[in-house]
1. With axes computed from alpha carbons, what is the tilt in degrees of helix 34-45 against the longest principal axis of the chain, rounded to the nearest 10 within 0 to 90?
2. Would you list Thr67, Thr263 from the most to the least accessible area, probe 1.4 Å?
3. Residue by residue through segment 245-261, what is 3J(HN,Hα) from phi via Karplus (6.51 cos²θ - 1.76 cosθ + 1.60, θ = phi - 60°)? Round to whole Hz and write x for glycine and proline.
4. Which of Lys149, Lys329, Lys226 moves most in a GNM of the chain, Cα contacts under 10 Å?
5. For the charge dipole of the chain, defined by +1 on Lys and Arg C-beta atoms and -1 on Asp and Glu C-beta atoms about the Cα centroid, which residue among Val70, Gly30, Gln81 has the Cα displaced farthest towards the positive pole?
6. Check Ala50: other-chain or 5+ apart residues with amide H under 5 Å from its amide H, H built from backbone geometry?
7. Give me the one-decimal nm value for the distance between modelled label points at Leu316 and Phe13, 7 Å along each residue's Cα-to-Cβ direction.
8. At most 16 other Cβ atoms within 10 Å and a DSSP loop assignment: could you name the trypsin sites (Lys or Arg not before Pro) in segment 69-112 that fit?
Amino acid sequence: MGRSRSSQSLPLFQSLPWNAQIGRVFQSIGTPFFHEELIDLMKITVETDAFWIIRYSGEAAPDVVFTRGVSPHTERVYSRQCAPIDPFSARWRNLREAGIFTLGRLRANDPTCTSYSEIFLRAAGMDDELGIILPINADNCFAIFLERKHGLFSDNDVRILETLYPAIDGCCRSHLRWLFDDVKSTENSPTAPALPRPTAIFDHAGHHVYSDASWIKAAHRFPALKQQAAKLAVGGGAESRLDDWVLRAERLTPDFPLAPNGTILILERVTIALPNKANNTFDAFSKFTRRERDVLRLVLRGKINADISAELGIGLGSIRNIKLRLYRKSGVSSESELVAKLITFESSL
């Protein structure tokens, strides 16, 4: 089993390096560096050799969102052999319980945990694992895993993390809310009416992950909304009609933490388009949102994703999502086709 090791005592939270690091976590909320800073905080709080961040849902297979110190071989072993018998996933699926759990605690109550431990810990080259379960909603959660090569996580390690848990949970909720608001804001059309547009995110298996208040109200008004949304999320469709409303779907990228390879869905009222009095140049771009035009302008200037991210201050995942929408709205399937079709209009953007 290995020997038990105790981490630093609670006065750790009063140290200057620790407080400086949690300050960096706060500053990174809503940026692509959030997970890196959060893991750095975990590392100076409790001695750890490897980290995972995994999204669990009630039914779908776990989604690995982030790792550090984990080999590709270990990730393959987890995905192919261990995900179906992951005891942390099973506990969430059965109990929906937040908190901090050691592998030893789970092993005492779950006989399948022994098989998981033998396969996974051997492949990872670790002695022990600890999970921090952070709920997103009733069905979904994020789990941060700390792994140790030599020795077990102690009761004192658990107490320290339990003290820190409210801060971790608050930071993660703020970050996820920012991600949702960011991807939602890229859909706002400058000509759209100033009315709430119900918006939700579903994972690749068709399970609801995140939504705004207007989506919840819309779900009460349209009993078929949940089923239609799940169908679009799984089937990859572009839109569906609900009375005088249209439900539009856009696929998310594999690195979007809220729902890798999931779908953002927006419910919009169908309106009659006003006659377009502008010229053909305006016609070419009127279908794009303000954010899409910003990205398109830089694409037409030959900028790569990293440069676009730096200039506009948005994440690389958001840029990829915006490009996918640009392709669909322009009737093309690649960036080269997009440039060829619209390069003559660049000066009008």
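1. Between the helix axis and the principal axis of the chain, the angle is about 10 degrees.
2. Values: Thr67 40, Thr263 5 Å².
Greatest to least solvent exposure: Thr67, Thr263.
3. Values, residue by residue: 10, 10, 9, 9, 10, 10, 6, 8, 7, x, 9, 7, x, 4, 7, x, 6 Hz.
4. Checking each option, the largest mean-square fluctuation is seen for Lys329.
5. Value computed over the given set: Gly30.
6. Correct list: Glu147.
7. It works out to 3.5 nm between the two label points.
8. Arg96
The values are calculated or read from the model by the stated rules, or taken from the named source; none is laboratory data. Everything numeric in this text was worked out from a predicted model, so none of it was measured. Glycine also receives a Cβ, built like all others from the backbone with ideal geometry; neighbour counts cover every protein chain displayed. Just the protein is used for accessible areas: all its heavy atoms, side chains included, with ligands, DNA and RNA removed. Shrake-Rupley method; radii C 1.70, N 1.55, O 1.52, S 1.80 Å.
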